[in-house]
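Take a look at the structure below.
The values are calculated or read from the model by the stated rules, or taken from the named source; none is laboratory data. Just so it is clear, the model here is predicted, and its values are computed rather than measured. Cβ atoms come from the backbone with ideal geometry, glycine included; neighbour counts cover every protein chain shown. The accessibility values were calculated without ligands, DNA or RNA, using every heavy atom of the protein model including side chains. Shrake-Rupley method; radii C 1.70, N 1.55, O 1.52, S 1.80 Å.
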Amino acid sequence: MIHFVLLISRQGKVRLTKWYSPYSQKERTKVIRELGGVILSRGPKLCNFVDWRGFKVVYKRYASLYFCMCIDQDDNELEVLEIIHHFVEILDRYFGSVCELDLIFNFHKAYYILDELLLAGELQESSKKTVARLIAAQDSLVETAKEQASSISNIIAQATK
Amino acid sequence: MGSQGGFYQSKEFLDLVKSIGEARSKAEEDRIVLGEIETLKRRISDPDIPKFKMKEYIIRLVYVEMLGHDASFGYIHAVKMTHDDSLLVKRTGYLAVTLFLNEDHDLIILIVNTIQKDLKSDNYLVVCAALNAVCRLINEETIPAVLPQVVELLAHPKEAVRKKAIMALHRFYQKSPSSVSHLVSNFRKRLCDNDPGVMGATLCPLFELITIDVSSYKDLVISFVSILKQVAERRLPKAYDYHQMPAPFIQIKLLKILALLGSGDKQASENMYTVVGDIFRKCDSSSNIGNAVLYECICCVSSIYPNPKLLESAADAISRFLKSDSHNLKYMGIDALGRLIKISPEIAEQHQLAVIDCLEDPDDTLKRKTFELLYKMTKSTNVEVIVDRMIDYMISINDNHYKTEIASRCVELAEQFAPSNQWFILTMNKVFEHAGDLVNIKVAHNLMRLIAEGFGEDDDTADSQLRSSAVDSYLHILGEPKLPSVFLQVICWVLGEYGTADGKYSASLVTGKLCDVAEAYSNDETVKAYAVTALMKIYAFEIAAGRKVDMLPECQSLMEEFLASHSTDLQQRAYELQAVIGLDAHAVESIMPSDASCEDIEVDKALSFLNGYIQDSIEKGAQPYIPESERSGMLNISKFRNQDHHEASSHGLRFEAYELPKQTVQSKIPPASLASTELVPVPEPVYVRESYPTTTVSSASSDAGSTELKLRLDGVQKKWGRQTHSPATSTSSSTSQKTVNGATQVDGSNTSNSRTRETYDSRKQQVEITPEKQKLAASLFGGSSKTEKKPATGHKISKSSSHMVEKSHVPKSSMEVASEKKVPFQQPPDLLDFGEPTVQSNAPSVDPFKELEDLLEPTTQVASAENHGSTAAATKSPDIMGLYKETPAGIHNKDDSDILSGLSNPPVTNMLGGTTKTQVAQSSKGRRPNLKDSLQKDTLVRQMGVTPSSLNPILFKDLLG
């Protein structure tokens, strides 16, 4: 099971956090600080895995961003590495050549995507297409809602003229 | 699709994010965030706030909390947002609450109602949003409120909903197995879902169920094998391919399940051999995902009933991993090797040099993994090398968590394989000295017992040698400053018990040392207590031996101090010491027999030795004792019998007690039996163990029974959670009692000796000295065919681990109950071919997945066509570059992003016509940075004032680039 997902920049800034196991706000801060220290200081050629308090943390660096996932001892690290990559590919397809800035300014969208990919700490969907379709469905809803809102306000505006 | 990268938020929010991004210090960032919190606090409580504004505020709250600040003042507003009618707002609300709240938060009660309503919504997106929240927020108490709806959703027409409903049910199962135990059959049904995504999701709960109870899922072996076969043969839709592998994530899950089902079951395993062999052959070992599947295959092969051919393939794969340059693969190789050596120990030898390279690698992760491997392959021939290595590493690290783990491993190996008593004591000393306070106290108790009982052989001289070498080394070690408390306890105990046993050291020397300990560690009460008791023992032995006792002056002053101590425990021990010293030799010998720590003390529960006294008293006219059960008419009596009873009478309204429900009677049994074991100072392990499984089974079954009997609580908040029975606490209490009696002594000899031992500078020696390494290899891997575990010490380990075994009984028994209830399920021969009538009506040769894929095509084509268009646009980059240059750089509003995309859109629509090779375009697209998108983003961001040359130039870099 994935216990949490963490995106931190090379400077140690948090870009996204998602907790699938209960952690208090205090614990969260501590976890981020601890892991940030461990992961950011690791050299480039070492394993992408870190032992941490009886769990394993799998991380991968993309440009200036570190994607980290904390998993159980008996999980398959290589698989989790690919789940991370899968997530990045979906982000890439959604944002179009995703870069860190996209995630900084649209972190809530990254959360929506993550919610379609992982649920309750497990990989929920392994098809990029399906995830993309669901997100598109939600987005189109957003668009229609916006149109409706504007048309209603038009009507109101005309009615009150 | 670049338009999705646009930033819809208000200027204010963008400014906030920007200023945080540019903050030069944590303090500056905190100041900005605190300012933002103030703003939000003020604005958010305004009642007339428009919805879209509110939505943004909530997102800003999420942002604030993500940065580690407290946003709890706004939680209630997020909760309110989930009530909104508009999905747009609702979705933000759900996102925020799932990020803010843990499942035990008070506000969750306010969301349950909304979730209930949303689960019934006609709009599947609303249902999906609600299910996401269900997975995160519903706790054991609120499960009954949403359970019926979630179960209904398992048959929802939309596959996305079915998938999430399965995951939600899985989560419920994790939180409270009994609440959904009657629904387990649903997982089996969903395994046959038409949609591969739902099928894949179902594998998660099934994996967990099978982990707990393998036997009731053996019938699914054929189905799992057939699914895996079809997946490997690429019969799932192309969309599930990942880097040219067919649905690897599903393959991995299936392999995990097969590993469980085939473990120790020859018949089941034989069904798997072919498909696992196929996957071994088909796996592409050049890609990471291919290796992930390969690794899972190795795990599967080493878990199921061994097959020589598969073992060979597994060994090949492992050697490829170990020979690879990638640290990740080496790591996986070491891990896989650790699994495989259980079956074929000889395989380790061919990789000895690779293993030693990993052991000396600067990468800590790899090193630890290698220690784990060494731990698994320890034998009495190589135990000294391995444990020495482990201890060296243990001393060198700071990570307490791992230090604890590796220390307990050292102890375990030393107990199991120790070549000599001397070595054993030395090793234990080192472990305690360097990781003393991190070691579980049980380890110390174990050590004491081991010294007291000896190694289990009937050789008394060996035991006394062990003891005297322990005393030797401890007296030596006491000179060192700052020893861990646990270690000191062991030392004190051993010195007290055996310090003067062999006559080598005088009582005054040992007592002097003990007094020094008590003084030096004067703030550690436990150590002082151990020291006083040790003193008492030594004096007692002296008196019993007929020698005159001269209390040292420092000892006397110490006693005076303890007699007035604030700790009643210390005081009592001191008084006892005083009393013992005053007795004659005969009395002392019966109180404190020498070396009797392992003798069982028989307790006369009937107190028969008092019979004479009672007889006397009754003759003198005293009232005879009436057992509690026979006393009647006394006011307070009910209090002793039954708590409920007492409560009822105290209210003064009810005169008759409720009839007790059956399950309470049953659940009272375990405490009763427990109490009786607590009375016995020397609990016989057998007794505890035997009583345990039976009581837990009965309580577990009563638990399960109660779920059936219960009222239906649909929509009702369950107020009082059922108490769960915890066997863990009771077993631990019995172990601690045992250890009190079974303490022993260890002797620590010169650690200096071992410290001078050469420490390896890995890097240098790697280059220079291969003979060195080969020597190490020889000592590690050398006598592989030789001795196995020492049978004599083996029983000690089994003794301590038996408690673990007991615990594992508990979930099992409750699962058995669950499985009884499951609906018998007919297994179609081909799992993927069944299902809805529409599919069945097709000619059998048609692959249902193909059909499904065709159905999906129309919807996906639009998206992918657009995608293709954008790559085409990228190839036309010169034009777009021109366009970009023409756009004035200084446009202020955000609209220009639309302009840009508008400009680049025409070619996209033109290209829409003949795109047939969309798949190819998509897969290649991910790799290439998309020029158009990047340019677009670049302009956008520049307008906001973020310049790439400032703090972090790679903010713009393609993550995948």
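Data overview
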item	result
Residue tally, condition open to solvent by 10 Å² or more (accessible area, probe 1.4 Å) and under 18 Å from B:D392 (Cα atoms), over the range B:421-432	3
Residue list for the range B:257-267, restricted to those being open to solvent by 10 Å² or more (accessible area, probe 1.4 Å), assigned to a helix (DSSP H, G or I) and either among the acidic types (D, E) or under 16 Å from B:T211 (Cα atoms) (or both)	B:A259, B:L260
Where B:I222 falls short, out of the listed (1) open to solvent by 20 Å² or more (accessible area, probe 1.4 Å); (2) under 28 Å from the mean Cα position of the chain (by Cα); (3) among the aliphatic types (A, V, I, L, M); (4) away from chain A (no Cβ under 14 Å)	(2)
Residue within the range B:328-348 that is away from chain A (no Cβ under 14 Å), part of a helix (DSSP H, G or I), among the hydroxyl-bearing types (S, T, Y) and farther than 24 Å from B:S287 by Cβ present	no
Single unsatisfied condition, B:K55 versus (1) more than 18 Å from B:T92 (Cβ to Cβ); (2) modelled with pLDDT of 85 or more	(1)
The one condition in (1) crowded, with 20+ Cβ neighbours inside 10 Å; (2) under 28 Å from B:D363 (Cβ atoms); (3) small (G, A, S) that B:A418 fails to fulfil	(2)
Residue satisfying all of: in the range B:69-93; hydroxyl-bearing (S, T, Y) and open to solvent by less than 10 Å² (accessible area, probe 1.4 Å); nearest to B:E152 (Cα to Cα) among these	B:T82
Helices (runs of 4 or more DSSP H) within the range B:459-539 that include 2 or more residues hydroxyl-bearing (S, T, Y) and closer than 30 Å to B:A587 by Cβ	B:460-477, B:507-520
Residue that is within 21 Å of B:N288 (Cα to Cα), in contact with a helix residue (DSSP H, G or I) (Cβ under 7 Å, 6 or more places away or on another chain) and not hydroxyl-bearing (S, T, Y), where the choices are B:V231, B:V198, B:V221	B:V231
Residue list for the range B:306-347, restricted to those being within 21 Å of B:Q267 (Cα to Cα) and within 27 Å of the chain's Cα centre (by Cα)	B:L340, B:K342, B:I343
Filter pass, B:L374 being in contact (Cβ under 8 Å) with a residue 60 or more places away in the chain and open to solvent by less than 10 Å² (accessible area, probe 1.4 Å)	yes
Selection count, the range B:101-126, where residues are under 27 Å from A:S9 (Cα atoms) and open to solvent by 10 Å² or more (accessible area, probe 1.4 Å)	1
Of the criteria (1) surrounded by fewer than 16 Cβ atoms within 10 Å (Cβ to Cβ); (2) within 19 Å of B:I451 (Cα to Cα); (3) among the hydrophobic types (A, V, I, L, M, F, W, C), which one B:A501 fails	(1)
Subset of the range A:128-146 that is within 7 Å of another protein chain (Cβ to nearest Cβ) and among the hydrophobic types (A, V, I, L, M, F, W, C) - its residue that is farthest from B:E159 (Cα to Cα)	A:A145
Within the range A:61-72, tally of residues that are at the interface with chain B (Cβ under 10 Å from one of its Cβ atoms) and at pLDDT 90 or above	4
Count of the range B:400-439 residues which are touching a residue at least 24 places away in the same chain (Cβ under 8 Å), within 14 Å of another protein chain (Cβ to nearest Cβ) and more than 23 Å from B:G479 (Cα to Cα)	7
Criterion: open to solvent by 50 Å² or more (accessible area, probe 1.4 Å) and either out of contact with any Phe, Trp or Tyr (no Cβ under 8 Å at 6 or more places or on another chain) or basic (K, R) (or both) - qualifying residue of B:S396, B:S344	B:S396
Filtered residue count, the range B:347-367, keeping only those that are touching an Asp or Glu at 6+ places or on another chain (Cβ under 7 Å) and open to solvent by 20 Å² or more (accessible area, probe 1.4 Å)	1
Residues of the range B:1-52 classified as modelled with pLDDT of 85 or more, under 30 Å from A:G96 (Cβ atoms) and open to solvent by 50 Å² or more (accessible area, probe 1.4 Å), total	1
Residue list for the range A:108-127, restricted to those being more than 7 Å from every other protein chain (Cβ to nearest Cβ) and in contact (Cβ under 8 Å) with a residue 60 or more places away in the chain	A:A110, A:L114, A:L118, A:G121
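Per-residue answers, yes or no, for (1) aromatic (F, W, Y); (2) at the interface with chain A (Cβ under 9 Å from one of its Cβ atoms); (3) open to solvent by 10 Å² or more (accessible area, probe 1.4 Å); (4) in contact with a His (Cβ under 7 Å, 6 or more places away or on another chain):
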position	(1), (2), (3), (4)
B:L131	no, yes, no, no
B:C135	no, yes, no, no
B:E140	no, no, yes, no
B:V146	no, no, no, no
B:V151	no, no, yes, no
B:L154	no, no, no, no
B:K158	no, no, yes, no
B:K163	no, yes, no, no
B:A168	no, yes, no, no
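Each row is one residue, and each column tells you yes or no for (1) facing another protein chain (nearest Cβ under 7 Å); (2) surrounded by fewer than 21 Cβ atoms within 10 Å (Cβ to Cβ); (3) of a type outside the set (A, V, I, L, M).
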residue: A:T17; (1), (2), (3): yes, no, yes
residue: A:Y23; (1), (2), (3): no, yes, yes
residue: A:E27; (1), (2), (3): no, yes, yes
residue: A:K30; (1), (2), (3): no, yes, yes
residue: A:R33; (1), (2), (3): no, yes, yes
residue: A:C47; (1), (2), (3): yes, no, yes
residue: A:F55; (1), (2), (3): no, yes, yes
residue: A:I83; (1), (2), (3): no, no, no
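For every residue, the table says whether it meets (1) modelled with pLDDT of 75 or more; (2) aromatic (F, W, Y).
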site: B:I581; (1), (2): yes, no
site: B:A585; (1), (2): yes, no
site: B:D595; (1), (2): no, no
site: B:E602; (1), (2): no, no
site: B:L610; (1), (2): yes, no
site: B:Y613; (1), (2): yes, yes
site: B:G621; (1), (2): yes, no
site: B:I626; (1), (2): yes, no
site: B:M634; (1), (2): no, no
